[in-house]
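Here's a structure for you.
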Amino acid sequence: MEKRKIEIEYELAQFDDFCSIGKQLIEEARRATERSYAPYSHFCVGAAIRLDNGEIVTGANQENAAYPSGTCAERSACFYAGAQYPGVKFDAIAIAARGTDGQFTPEPVAPCGACRQSLLEYEKLAGRSVKVILVGRDYCYVFPSVASLLPLCFADF
Ligand code: THU
């Protein structure tokens with residue numbers, strides 16, 4: 001057997017490292033956490049997607065008493081974008097979260113597997129990379145694409 005390794009490259013960035021457009025996207029993701037409905041987990045996630053038509057659409061996690069019926073911030077944002085602007089390309093997504101103490105998480109929060117898969121579909125359909133900015137309290141992680149967060153992805157459709 002041959003041993004193989006998958007490596008993922010990403011950047012560590014401070015808020016001031018971003019241009020004004022990036023800063024705006026981060027602020028929108030942070031603001032979107034205020035629209036989270038999370039009475040069960042008390043973990044408030046916000047996502048902001050910059051579309052190539054210049055619009056920013058946001059989403060926040062929406063929970064439900066029947067737990068699996070709820071949805072994550074990233075999927076609420078990307079499905080909303082797809083429903084409002086069919087076929088539009090995504091430039092970037094920023095994701096921020098506030099923990100049970102109500103404060104922004106010190107560490108950047110990473111999207112769950114289902115959200116990665118959902119975002120990947122829009123990236124593949126558009127045929128171009130969507131930058132992913134994971135926002136922590138003091139620093140961010142920046143990934144060049146959704147695919148980079150989902151190695152060996154299922155995307156044969
Ligand atoms: N959540 C998100 O909104 N995005 C993620 O990528 C991970 C988890 C939400 C789902 C649930 O409402 C809460 O965070 C706790 O898991």
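The values are calculated or read from the model by the stated rules, or taken from the named source; none is laboratory data. Since the structure is predicted, the reported quantities are computational estimates derived from the model, not experimental observations. FYI the Cβ positions are ideal-geometry reconstructions off the backbone, even for glycines, and counts take in every protein chain you see. Quick note on the areas: whole protein, heavy atoms, side chains included, nothing else; ligands and nucleic acids left out. Shrake-Rupley method; radii C 1.70, N 1.55, O 1.52, S 1.80 Å.
Where residues in segment 27-54 are touching a Ser or Thr at 6+ places or on another chain (Cβ under 9 Å) and part of a loop (DSSP other than H, G, I, E, B), which of them is least open to solvent (accessible area, probe 1.4 Å)? Show your work before the answer.
Quick first cut of segment 27-54, residues touching a Ser or Thr at 6+ places or on another chain (Cβ under 9 Å) only: 28-29, 31-32, 35, 41-49.
Applying the additional criterion that residues be part of a loop (DSSP other than H, G, I, E, B) yields 41-43.
Values: 41: 49, 42: 102, 43: 69 Å².
Checked segment 27-54; the qualifying residue least open to solvent (accessible area, probe 1.4 Å) is 41.
Residues in segment 97-105: is at least one in a helix (DSSP H, G or I) and either more than 10 Å from the ligand (Cβ to nearest atom) or open to solvent by 60 Å² or more (accessible area, probe 1.4 Å) (or both)?
To start, the set of residues in segment 97-105 that are in a helix (DSSP H, G or I) comprises none.
No, segment 97-105 contains no residue that is in a helix (DSSP H, G or I) and either more than 10 Å from the ligand (Cβ to nearest atom) or open to solvent by 60 Å² or more (accessible area, probe 1.4 Å) (or both).
So which residues in segment 1-16 are charged (D, E, K, R) and under 19 Å from the mean Cα position of the chain (by Cα)? If you could, list the steps in order and put the result at the bottom.
Restricting attention to segment 1-16, the residues satisfying the condition of being charged (D, E, K, R) are 2-5, 7, 9, 11, 16.
9, 11 - these are the residues of segment 1-16 that are charged (D, E, K, R) and under 19 Å from the mean Cα position of the chain (by Cα).
Could I ask something else about it? For segment 106-125, enumerate the residues that are surrounded by fewer than 19 Cβ atoms within 10 Å (Cβ to Cβ) and farther than 18 Å from residue 71 by Cβ.
Correct list: 106, 107, 124, 125.
Return the residues of segment 82-96 that are open to solvent by 50 Å² or more (accessible area, probe 1.4 Å) and either in a helix (DSSP H, G or I) or of a type in the set (Phe, Trp, Tyr) (or both); say none if nothing qualifies. Explain how you work it out, then say what you get.
Of segment 82-96, the ones open to solvent by 50 Å² or more (accessible area, probe 1.4 Å) are 83-87, 89.
83, 84, 85, listed by residue number.
Please list, ordered by first then second residue, the pairs with beta carbon atoms under 7 Å, 6 or more apart or interchain, first in segment 26-45 and among the basic types (Lys, Arg), second at pLDDT 95 or above and buried (at least 16 other Cβ atoms within 10 Å of the Cβ).
Correct list of pairs: 30/46; 30/96; 30/104; 30/135; 31/46; 35/60.
Does segment 126-138 contain any residue that is touching a strand residue (DSSP E or B) at 6+ places or on another chain (Cβ under 6 Å) and either surrounded by fewer than 18 Cβ atoms within 10 Å (Cβ to Cβ) or in a loop (DSSP other than H, G, I, E, B) (or both)?
The initial filter retains those residues of segment 126-138 that are touching a strand residue (DSSP E or B) at 6+ places or on another chain (Cβ under 6 Å), namely 130-135, 137.
The next check asks that each one be either surrounded by fewer than 18 Cβ atoms within 10 Å (Cβ to Cβ) or in a loop (DSSP other than H, G, I, E, B) (or both); those that pass are 130, 137.
The answer is yes, given that some residue of segment 126-138 is touching a strand residue (DSSP E or B) at 6+ places or on another chain (Cβ under 6 Å) and either surrounded by fewer than 18 Cβ atoms within 10 Å (Cβ to Cβ) or in a loop (DSSP other than H, G, I, E, B) (or both).
Considering each of 34, 7 in turn, give the residue that is farther than 20 Å from residue 143 by Cβ and more than 10 Å from the ligand (Cβ to nearest atom). Give the steps one after another, and end with the answer.
Numbers: 7 fails: farther than 20 Å from residue 143 by Cβ.
Of the residues listed, the single one that is farther than 20 Å from residue 143 by Cβ and more than 10 Å from the ligand (Cβ to nearest atom) is 34.
Condition (residue is within 18 Å of residue 116 (Cα to Cα), part of a strand (DSSP E or B) and small (Gly, Ala, Ser)) applied to segment 68-81: is it met by at least one residue?
no
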